[in-house]
Amino acid sequence: QSETSDKSSAESDSETEVEQVSVYRKLLATLKTSPESESEEEQDESESEEAGESETEMDSEGSQETGEAGGSEEDKNDVLDQQEATDTAEQTLAQEQADGGDTSCDLSHGVIEEFTDVKHETEFSLETNFMEEESGDCNADKRESTSSQAFSEDPFKQHMDKELEEKEVEKMSTLPKTSSQSKWPRLGQLTFSSTLEKRKTLKADKEVDVKQLYLHKPLESTWPKVNKQFLSSANKPSDPSFTPLQRELFCIMNTYRDLFYPERNALTNGEEIRHAYCLHALNHVLKANAQVLSNNAKRRDQKPGTDNDDYRDQGLTRPKVLMIVPFRECALRIVHIFISLLEVNDKRKIDVSNKKRFKGEFGSDPEEKPPNLKRPEDYEAVFAGNIDDHFRIGVAILQKSMRLYAPFYSSDIIIASPLGMRTIIGAEGEKKRDFDFLSSIEILIIDQADIYLMQNWEHVLHLMKHINLLPRDSHGVDFSRVRMLNLNNWSKYYRQTLLFSALQDPQINSVFNKHCFNYVGQVAVRNVPLSGSISHVVVQLPHVFRRLEAENVTSVIDTRFQFFIDKVLPEYRDAIMSHTLIYVPSYFDYVRLRNYFKKEELNFTHICEYTKKAGVCRARRFFLKGEKQFLLFTERFHFYKRYTIKGIRNLIFYELPTYSHFYSEICNMMKATDNGVDATWTCTVLYSKYDAQKLAAVVGIDRTAQMLQSKKNVHLFVTGEN
């Protein structure tokens, strides 16, 4: 029922409820429609009447805004101002407070509201069920176990049955990885890396026979039907079930290597990628559970006194797959894919417990969204459906049944958001915290990783620090059935991590490089952008890229600030340089700049992700009319709202945008200025050598190489081409 309270919190006047709503859920709640958002859009479309509409909207919002909590956002920001961090560690802590400050409330809130299915415990227990209940699969499993060839070639068996030696584990802990390059037809440039002996380079399969993939029943027959929507008539008859992208991705997934794919696009390939990793996750769970159930039957039939050491087939806790996704809508789609993959035909439906509740809490009302909202297509794709970002749900799968809302220790798959994980993992010193259920995760899937940069990346790092640790309690496990790899605390060396993102980013790269220890190795897709998003700028204006020199990564923040106030800002202080928008990706840089502008008594206004609607309307109006010379504007606000800011004549990118297409979007906002003379428009970008990836995504790889070779501040004039 937590979703219900989430939705109502946007309009509620109850103080107690408002207190429990996190800053980000309030932010997301404003994306869900209300009369206010409709009038906001109308105002957006007809700026000439903006003054009147804004005043009306501000009046109406005064009575409907989210109570005292909403009204105190700017005060909260001012508290942050006074405690402003000077080094990275303090900034990180502050971000935890800014973005996840309500986690303790959320945790207690979650515990009170959270529903867990306890009725079906026996029915879905791995300990008390036997393979005989599914005679078809039982025979298949027996046939497979009698064939030593099948046993040795099944990637699941190969990966999980491999016994590492102490010296190999030591190697992985101490030695650097060796890497090799390869080019695949669809994925492009791949980097294979591993610490252990150099393995044979994986080659892309030109075609895949489903029967050779060792898919567990019924996936072999259901996958082609479920995936049909993505297949074109151009697909080869010999490969009727995978798109070229899926084939190459699944080829890597099925070898149990870690995978980083930074070209996921919600508009184009997002759903086909989701289907591919759901197939892999479900295949893994079905095989693992079939092995346990088969061994249950063998143990039951064996003679008393027989050595039981042959049946080590499970981890210290039951959850095997953890899927991290940003919104409830993503969890809904994943569960629907699982159900489709398990249903052989219309006559053989699977039993899904708590399905109605799940649809109610994770679905969305199609009438919620008014038709007149105009947003870019990629925005619509990312924010489709229920966009609540605080959830977690356990899923148990046993033969022909699925149990939603299973207790975590009785689940095979956990689907959660980073915030949902953060509030159950808790922090040091909290009484109610639990992360033992993460001890034996064998597949970790992090989808849409770029969105967590816009939510709170600290939650992802917090999760990575608590995964595959030895549990503090035994949770009733039968130690005679636990694999030696888990008892040795080597789970992390067997865990496969699949990381999907829309972009390359140092923070995402860091998780893949520093928190993934898979003994089979890693595969990262490393294609370089050739043109860059600057080619999509349709307004004619000079783009001046100004290089700042920083001694190291940690000093960049201070160096950039000093460079800006010493070299850049003085050029814009003159009244002739009015209508200057300063685009700031980091919230903490924004706070720092706002403090400085206040101290210097500059004529400015500001919009960030925490600004109330009335404040946004006011700031936009002041900026358009030229009553305020500067507008400080955060990237997160643009990510969550995508408003068109009218009246821009001068642009300053304080730092390159996280999403490269935001660069062209912001530049193209200038065409919304009716009375602007394009000859007076300017665009200035600050960058350092540590921004290579972001720079390449904006200007292309060739220009980036030239710009980074030069040691001086570079003024590069580029004219966007349509």
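The values are calculated or read from the model by the stated rules, or taken from the named source; none is laboratory data. Values in this document were obtained by computation on a predicted structure and should not be read as measured data. Reconstructed Cβ throughout: ideal geometry from the backbone, glycine too, with neighbour counts over all protein chains shown. Side chains are part of the model used for accessible areas, which takes the heavy atoms of the whole protein and leaves out ligands, DNA and RNA. Shrake-Rupley method; radii C 1.70, N 1.55, O 1.52, S 1.80 Å.
Among residues of segment 165-191 that are closer than 22 Å to ILE252 by Cβ, those with a beta-carbon under 6 Å from a residue that is in a helix (DSSP H, G or I) and open to solvent by less than 30 Å² (accessible area, probe 1.4 Å) at least six positions away or on a different chain give the pairs TRP184/GLU248; ARG186/LEU245; ARG186/GLU248; LEU187/GLU248. Looking across segment 406-456 at every residue that is within 22 Å of the chain's Cα centre (by Cα) and among the aromatic types (Phe, Trp, Tyr), the one that is surrounded by the most Cβ atoms within 10 Å (Cβ to Cβ) is identified as TYR452.
When SER294 is tested against the conditions (1) of a type in the set (Gly, Ala, Ser); (2) closer than 28 Å to THR191 by Cα; (3) open to solvent by 10 Å² or more (accessible area, probe 1.4 Å), the lone failure is (2). Within this structure, ARG264 passes the test of being in a loop (DSSP other than H, G, I, E, B) and of a type outside the set (A, V, I, L, M). Restricting to segment 326-350, name every residue that is assigned to a loop (DSSP other than H, G, I, E, B) and either in contact (Cβ under 8 Å) with a residue 24 or more places away in the chain or of a type in the set (Phe, Trp, Tyr) (or both). Residues satisfying the conditions are PRO326, PHE327, GLU343, VAL344, ARG348, ILE350. Scanning segment 253-307 for residues that are without any contact (Cβ under 8 Å) to a residue 24 or more places away in the chain and within 24 Å of the chain's Cα centre (by Cα) turns up just one, THR268.
Given the criteria closer than 11 Å to GLY315 by Cα, of a type in the set (S, T, N, Q) and over 26 Å from the mean Cα position of the chain (by Cα), does ASN468 qualify? Spelling it out, it is not the case that ASN468 is closer than 11 Å to GLY315 by Cα, of a type in the set (S, T, N, Q) and over 26 Å from the mean Cα position of the chain (by Cα). Looking across SER180, SER147, one residue alone is among the small types (Gly, Ala, Ser) and at pLDDT 90 or above. It is SER180. Of all residues in segment 656-696, those satisfying the criterion of being of a type in the set (Asp, Glu) and either touching a helix residue (DSSP H, G or I) at 6+ places or on another chain (Cβ under 7 Å) or modelled with pLDDT under 90 (or both) are ASP674, ASP678.
Can you tell which of ASP450, ASP412, ASP389 is more than 24 Å from GLU263 (Cα to Cα) and among the acidic types (Asp, Glu)? Walk me through it before giving the result.
Details: ASP450 fails: more than 24 Å from GLU263 (Cα to Cα); ASP389 fails: more than 24 Å from GLU263 (Cα to Cα).
From the options ASP450, ASP412, ASP389, the qualifying one is ASP412.
Within the bounds of segment 551-568, is there any residue that is more than 30 Å from ARG621 (Cα to Cα), in contact with a strand residue (DSSP E or B) (Cβ under 6 Å, 6 or more places away or on another chain) and either open to solvent by 10 Å² or more (accessible area, probe 1.4 Å) or in contact (Cβ under 8 Å) with a residue 60 or more places away in the chain (or both)? No, every residue in segment 551-568 fails to be more than 30 Å from ARG621 (Cα to Cα), in contact with a strand residue (DSSP E or B) (Cβ under 6 Å, 6 or more places away or on another chain) and either open to solvent by 10 Å² or more (accessible area, probe 1.4 Å) or in contact (Cβ under 8 Å) with a residue 60 or more places away in the chain (or both). The conditions are (1) modelled with pLDDT of 95 or more; (2) open to solvent by less than 10 Å² (accessible area, probe 1.4 Å), and SER241 fails exactly one of them. Which is it? Status for SER241: all satisfied but (1). Number of residues in segment 295-352 that are modelled with pLDDT of 95 or more and among the acidic types (Asp, Glu) equals 1.
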